[in-house]
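No value in this document is a laboratory result; all are computed from the given coordinates. Small disclaimer: the values here were computed from a predicted structure and weren't measured. Backbone-built Cβ (ideal geometry, glycine too); neighbour counts: all protein chains shown.
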Amino acid sequence: MKKIYIRNLKKTDWSVTSSAMHLFTNSRSQKTLDELWFTEHNSIFTTGILEKNKNIIKRINNIPVIQCNRGGKITYHGPGQQLVYMLINLKLKKINIKKFLFLIEKVVIHTLKKFQITAYTIKDSPGVYINKKKFCFIGLRIKNHCSLYGISYNINVDLNLYKHINPCGNKFIKVLNLIDIIPTITMNIFRKQFIQTFLNIFKYQEKYKSSYNIFNKIYIN
């Protein structure tokens, strides 16, 4: 089984993190270990390659809208939301994109199950839902068999900001915060369970705890 680096970047700027992620992917070799990056961003709307800016209901002056090269349409990132960037060599893991999506959703569903929450998926709408509301959003890009971007899920986000867009290009999607179901939940508590579930389902042998200085573009292990 392969090993993987787990990095908690805490709060980062979206543009800087995106640049570091692309730098990592462009420079990795077949021997480079896969990585998971956990982070939060300041408020920002990002649009995928399928977005034609038809799903912005009302722009907010102090929140930028940035186009990126992931799949999917428009979504919101902000404080109280966990981003999990998955930098994985799918070829070496011997999984295709369809299997990758399935496993990601399985990780989220099984993590929620540990908190006695029943979650599910909806056909043709990638992500994970609870009580008819979307909890986990997925947006990926595959380059040279390696994945960029990943998922986001809401712990304690300002949900009013979703009213300014049609999330994922669907005006009928409603979103939720996990804290509204589990008042005592924190990002750290959920992240610990998520990591353990991820390691089990993706069959990684162990994790390395380390930090990644994305501003200087160097590893500190």
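Structure above, values below:
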read-out	value
Mean separation of Cα contacts under 8 Å, 6 or more apart, over the residue count of the chain: relative contact order %	26
Across Lys99/Lys132; Lys91/Lys132; Lys113/Lys143, pairs whose alpha-carbon gap is larger than 30 Å	Lys91/Lys132; Lys113/Lys143
Net charge, Asn144 excluded, C-beta distance under 13 Å - Lys, Arg +1, Asp, Glu -1	+4
Convex hull volume of region 4-220 per residue (C-alpha atoms, cubic angstrom)	118
Mean residue ellipticity (222 nm) of the chain, computed from DSSP H runs ≥ 4 via -39,500 (n - 2.57), nearest 500	-7500 deg cm²/dmol
